[in-house]
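To start, I am sharing the structure in question, which I have written as structure tokens.
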Amino acid sequence: MNFLKNKEAFYLAFLLSFPTLNVAGPLHAQCRLEWTFGISCFDVYVTLVTQIKLWRTDDNCKQGGERCLYELKSANEHYVVAKHTNMIHQYVDDLTFKLIPVQEISCRVVAFSVSEPWYVVLDDGINYCNLHNLVEGSALDLTPGYSELTNDFQCTQYSSANCTIY
Ligand SMILES: *[C@@H]1O[C@H](CO)[C@@H](O)[C@H](O)[C@H]1NC(C)=O
């Protein structure tokens, strides 16, 4: 408890010491978004897990980008947990995907990515790209009824994210 309080105080002091820092989004680098897919949650789960495993090594980043170094921690058709190590900054982001069946053949996914180091405030949209790249790489964004919902308040630097780089 004391530790938390100290950490929060320190963090606040850190923010206040940069009065020009534009904190338009979350106070910590993170991203929360919602996807809808017109396929079953089981199919979404299998596709996501397959993509995470495909991008386990750094092979896919030899030409740049961050579509590599994913690590699956646990998975079932309701909940997927993974990590992503950033090639450029070397820190780790924690990823969770909550899969919620909607009616017969549609799946809503609440996805969250957050940077582990407490001091990461701005991330160039990396936490957004952590999530979005998986969907684009696996072509889940081409499934019928696909939509993605988020904004700058839920995803750090969402509107300036360039997922070709990150
Ligand atoms: C994103 O970055 C790539 C690689 O540097 C660049 O070619 C592309 O134009 C950028 N896209 C946007 C929208 O800025």
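Coordinate-derived values only; no laboratory data. Keep in mind it's a predicted model, so treat the numbers as computed, not measured. Here Cβ is always computed from backbone atoms with ideal geometry, including for glycine, and neighbour counts include all displayed protein chains.
Calculate, in nm to one decimal, what Ile105 and Leu72 gain on full extension: separation in residues at 0.36 nm each, minus their alpha carbon distance.
Extending this stretch completely gives an extra 9.3 nm.
How big is the dipole moment of segment 39-166 about its Cα centre under a simple scheme where the beta carbon of each Lys and Arg is +1, that of each Asp and Glu is -1, and everything else is neutral? Debye, nearest 20, please.
Dipole size: approximately 240 debye.
Charges on Cβ only, +1 for Lys and Arg, -1 for Asp and Glu, centred on the Cα centroid of segment 69-144; of Leu95, Tyr119, Val135, which one is farthest towards the dipole's positive end?
Value: Leu95.
For segment 29-160, what are Rg and Dmax over the alpha carbons, in angstrom?
Gyration radius and largest Cα-Cα distance of segment 29-160: 13.9, 43 Å.
Hey, another quick one. Sorting Tyr91, Tyr166 on the 10 Å Cβ count, fewest up front, what's the list?
With the fewest neighbours first, Tyr91, Tyr166 line up as Tyr91, Tyr166.
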